[in-house]
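The values are calculated or read from the model by the stated rules, or taken from the named source; none is laboratory data. Since this is a predicted model, take the numbers as computed values, not measurements. Virtual Cβ from ideal backbone geometry, glycine too; neighbours counted across all protein chains shown.
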Amino acid sequence: MTHFIATSVALLIAFSCPTFGWTSAGTAAPYCVQDEDPEAIYKERREEAGKDPVKLWELHLWCEAYGLEKEAKSCARAVVKYDEEHKEAHEYLGHVFYDGKWFTSERKLERYKEEEEERVAKEKGLVKYKDQWVSEEDLPFLKKGLVKDDDGRWVNKEEREKILAGWLKQDTEWVHPDNAGKLEAGLWKCGEEWLATEKANAYHAKLSSWWKIPDPVFLMHSTCDREIAEKALEEMHIALREVKRVVGAAPTTPVNVAMLRDAKQYGSYAAGNDTKGRPPIEITGRSSVHHAFMAEIWFDQAQGVHMGAGVGYWNPDVSDGAFGPFSARHAAAIAILEQLDPSPKAIEKVLKNPTGFNPQKFLDDHYKEKRLPAWFREGICSYAERWLLDSSIRKGGDAEKWRTWSASNIINKGGLSPIKKIFTEEVSVDNQNSAKLLNERGLLIAFLLDGEIEELKEKHFELKQKFKSGESVTATLKSIEKTIIRHEQELRKFAGL
């Protein structure tokens, strides 16, 4: 109120007298000297005002009354210098108030908004892509020109246009709007026919016409009945959770997996049979070692891409049907790791010169590129298959049932192998110890995660940070190996061996 009264008085004086001054009490007093030069008076009054924002603002108003625009602006600038919250002076100077601050220009305000937006975005872990801030996980999809549909799935421009035009999608197949009723009736498009689930299962039971089932993470190729294929996908998502727990990263593009209906078809597929003359899908013989393998040499030459799927089987009709979930988790873990730890140079060579493809040479080059050693990759897959804790068990159940069973397998096959041997021995069709070796490597990963060894916890954290950032993890893994060896007694106690 005092500031308002002083300002009003100054205005009245300014218009009734050509000059004014201040009394010893600091209030305005008139200087009615008609012939004095206003600019000369301004210089005198400016010196008298000093750093007092009240006196400077009154002088500003006097300058405005006498048309001294340059001097009026100078006074206003001085006011905000000594009183940063002086609203009238800021507004006179064209300053903008935003977020509790005054900005001297729209350009500076925009720069502040950009900096603030960047600060908040980085706090949320976002990255800049073109003119927007996006999550790091979305970046690979956006770079491919994809957008999210209403269900949160990534689709390309053509797919988006189909969706807007009313087309529907059943697995990987687009369905014309006229056939919406068939989808509502629960029918499946099989070639040119629409079949009920039972007949659709029979249609897709062959390798040449298998199901192709997409979900947010996996693209499953399966000859299993639909119900079993969907159960397998549920198990694969459990494996995804466990792989992420080990390496601290998750896939950013669809992961190829294949689940076959029985052991016979599993072996036939690995050998390349019943696939219209296609060469063998693997040459390592891993399919005869375990119930899951990596199809490293699966290339789709028509599309010019490397499919590289994790392959397993699930037959609920025979005694080994109970192993279907284990096979699904192991196959998923293999495929996930292939995406997280790829071999782009080896793959590019094959795609550039498919006629000169040498499977063994490709495999050698393929595994030389890997950042993770064989024992660690295979250990992760075995861990995700059989050493993970059963999170579905509620209070009173045995969440460690699979660990207890896996440990008993080691005991029944002669006990724990020397730790150094577990790190270095090769899993192969010629090694009769391969199944046990895979099991033991899974134990090492479980111990790394849950063994409560502080040194291992620190090394594991370091490993995840380096792996996610693309750094070399060789030294860290060597340190982990040495630490596990030093803690062999704790390892045995952990597994009950």
Self-check item: Residue within segment 388-402 that is basic (Lys, Arg) and either touching a residue at least 12 places away in the same chain (Cβ under 8 Å) or in the same structural domain as GLY272 (by TED's automatic domain parsing) (or both) present
Solution: no
Self-check item: Unmet requirement for LYS478, which otherwise passes all of (1) under 27 Å from the mean Cα position of the chain (by Cα); (2) farther than 26 Å from ALA292 by Cα
Solution: (1)
Quiz prompt | Test for SER417: is it assigned to a loop (DSSP other than H, G, I, E, B) and without any contact (Cβ under 8 Å) to a residue 24 or more places away in the chain | solution = yes
Quiz item: In segment 179-217, which residue that is exposed (fewer than 14 other Cβ atoms within 10 Å of the Cβ) and of a type in the set (Asp, Glu) is modelled with the lowest pLDDT?
Solution: GLU192
Quiz item: Among the residues of segment 101-117, is any of a type outside the set (Ser, Thr, Tyr) and either in the same structural domain as CYS63 (by TED's automatic domain parsing) or at positive phi (or both)?
Solution: no
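Please go through segment 202-223 and pick out each residue that is assigned to a helix (DSSP H, G or I) and within 35 Å of the chain's Cα centre (by Cα). If you could, list the steps in order and put the result at the bottom.
In the first step, residues of segment 202-223 are kept if they are assigned to a helix (DSSP H, G or I); the result is 202-203, 207-209.
Listed by number, the residues that qualify are LEU207, SER208, SER209.
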Exercise. Please work out if GLY451 is in contact with a Gly (Cβ under 7 Å, 6 or more places away or on another chain) and not basic (Lys, Arg).
Key: no
Quiz item: Taking the stated definitions as given, is SER74 surrounded by fewer than 13 Cβ atoms within 10 Å (Cβ to Cβ), among the hydroxyl-bearing types (Ser, Thr, Tyr) and either over 30 Å from PRO251 (Cα atoms) or not assigned by TED's automatic domain parsing to the domain that holds THR253 (or both)?
Solution: no
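Could you grab me the full set of residues in segment 339-395 that are among the β-branched types (Val, Ile, Thr) and part of a helix (DSSP H, G or I)?
Kept after step one, since they are among the β-branched types (Val, Ile, Thr), are these residues of segment 339-395: 347, 350, 355, 380, 393.
Passing the criteria: ILE347, VAL350, THR355, ILE380.
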Practice problem: Please verify whether segment 121-132 includes one or more residues that are modelled with pLDDT of 85 or more, surrounded by fewer than 17 Cβ atoms within 10 Å (Cβ to Cβ), of a type in the set (A, V, I, L, M) and assigned to a loop (DSSP other than H, G, I, E, B). | Solution: no
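Let's see how each residue does on (1) modelled with pLDDT of 90 or more; (2) surrounded by fewer than 24 Cβ atoms within 10 Å (Cβ to Cβ); (3) assigned by TED's automatic domain parsing to the domain that holds SER382:
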site: PRO251; (1), (2), (3): yes, yes, no
site: GLN265; (1), (2), (3): yes, yes, no
site: SER268; (1), (2), (3): no, yes, no
site: SER287; (1), (2), (3): no, no, no
site: ILE297; (1), (2), (3): no, yes, no
site: GLN303; (1), (2), (3): no, yes, no
site: VAL311; (1), (2), (3): yes, no, no
Self-check item: The one condition in (1) among the small types (Gly, Ala, Ser); (2) at pLDDT below 90; (3) in a loop (DSSP other than H, G, I, E, B) that GLY94 fails to fulfil
Solution: (2)
Quiz item: Since ILE422 meets every condition but one in (1) of a type in the set (A, V, I, L, M, F, W, C); (2) touching an Asp or Glu at 6+ places or on another chain (Cβ under 9 Å); (3) surrounded by fewer than 12 Cβ atoms within 10 Å (Cβ to Cβ), which condition does it not meet?
Solution: (3)
Quiz item: Only one of (1) in contact with a helix residue (DSSP H, G or I) (Cβ under 9 Å, 6 or more places away or on another chain); (2) within 28 Å of VAL289 (Cβ to Cβ) is not met by GLN432, so which one is it?
Solution: (1)
Self-check item: Test: residue in segment 347-360 that is in contact with a helix residue (DSSP H, G or I) (Cβ under 6 Å, 6 or more places away or on another chain) and surrounded by fewer than 19 Cβ atoms within 10 Å (Cβ to Cβ)
Solution: yes
Exercise. Being closer than 14 Å to HIS487 by Cβ and either free of Cβ contacts under 8 Å to residues at least 12 places away in the same chain or in contact with a strand residue (DSSP E or B) (Cβ under 9 Å, 6 or more places away or on another chain) (or both) is the filter here, so list the residues in segment 453-476 that pass it.
Key: GLU454, LYS457, GLU458
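Table: residues versus (1) closer than 20 Å to GLU230 by Cα; (2) among the aliphatic types (A, V, I, L, M).
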residue	(1), (2)
LEU139	no, yes
LYS157	no, no
TRP167	no, no
CYS190	yes, no
Quiz item: For segment 186-205, does any single residue satisfy the condition of being in contact (Cβ under 8 Å) with a residue 40 or more places away in the chain and either within 24 Å of GLU161 (Cβ to Cβ) or in contact with a Lys or Arg (Cβ under 9 Å, 6 or more places away or on another chain) (or both)?
Solution: yes
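Is one or more of the residues making up segment 134-151 assigned to a loop (DSSP other than H, G, I, E, B), closer than 18 Å to THR253 by Cα and touching a residue at least 60 places away in the same chain (Cβ under 8 Å)? Even if it seems obvious, please write down each step before you answer.
Within segment 134-151, the first condition is being assigned to a loop (DSSP other than H, G, I, E, B), and the residues that meet it are 136-138, 144-146, 149-151.
Those left that are additionally closer than 18 Å to THR253 by Cα: 136-138, 144-146, 149, 151.
Filter once more, keeping what is touching a residue at least 60 places away in the same chain (Cβ under 8 Å): 137.
Yes, some residue in segment 134-151 is assigned to a loop (DSSP other than H, G, I, E, B), closer than 18 Å to THR253 by Cα and touching a residue at least 60 places away in the same chain (Cβ under 8 Å).
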Self-check item: Positions within segment 293-322 being more than 22 Å from GLN360 (Cβ to Cβ) and in a strand (DSSP E or B), in sequence order
Solution: GLY312, TYR313
